[in-house]
Amino acid sequence: VLRLTKDQHVLQGDPSTDSREAVAMRCHAGHCDIARVYLAFQSVTSLLEGDSHRSYYRPRFSPDGQRFAASVSDSGHWRIVVAGRDGRSVRIVNPGDGANRYDAEWLSADSLIVVSERGGVPNLEVMSVSTGGTLISLTVI
């Protein structure tokens, strides 16, 4: 295994479908940003910047590589964000019920599997990216 990002504080990278870049967390000063890592050049640039109230977690490229999903803790409340590959067109994917949702993974081009705390206990749900609604509860604990 070759370490590509020495002293860059980069974690949880997910390579693109063309393997030229990865999205990853870059953690510093008590929060995490979303960063792009150019694998051939071993360079890192910020896409979404966190701050003392906002921190990002575990970005994942969509199946077509044109978007990524990540979790964001915004003032202590976890939600899912989807953004374009370049970090633009950021939007919250949220059914609006106030539940914490995090740890997104793409299931298809329009759906994510997420951990949801709706009901007070972590369970798995499938969410629609286009509508932001919950499609299916996969587990009920």
Counting only protein heavy atoms with a 1.4 Å probe and every protein chain in place, the carbon and sulfur fraction of the accessible surface of segment 19-141 in whole percent equals 52
For the chain, one quarter of the surface area of the C-alpha convex hull, expressed in nm², comes to 8.8
Checked against the positive end of the charge dipole of the chain (+1 on Cβ of Lys and Arg, -1 on Cβ of Asp and Glu, about the Cα centre), the farthest of W78, N94, Q42 is Q42
Note on segment 16-79: contact order normalised by length, alpha-carbon pairs under 8 Å, 6 or more apart, percent, works out to 27
So, relative contact order of the chain in percent, Cα under 8 Å, 6 or more apart, is 14
Rounded to whole angstrom, the alpha-carbon centroid of segment 29-61 lies from that of segment 80-141 at a distance of 20
In nm, the gap between the two label points placed 7 Å beyond Cα toward Cβ at D64 and R118 is 2.6
In terms of the alpha carbon gyration tensor, root eigenvalues a ≥ b ≥ c, rounded if a/c is under 1.5 and otherwise prolate when a/b exceeds b/c or oblate, segment 83-141 is prolate
Bounding extents of segment 64-109 in its principal axis frame from Cα atoms, largest first in Å, are 29, 21, 16
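The values are calculated or read from the model by the stated rules, or taken from the named source; none is laboratory data. Please read all numbers here as calculations on a predicted model, not as lab measurements. Cβ coordinates were reconstructed from backbone atoms using ideal geometry, including for glycine residues, and neighbour counts include every protein chain displayed. Just so you know, the surface numbers come from the protein's heavy atoms only, side chains and all, with ligands and any DNA or RNA stripped out. Shrake-Rupley method; radii C 1.70, N 1.55, O 1.52, S 1.80 Å.
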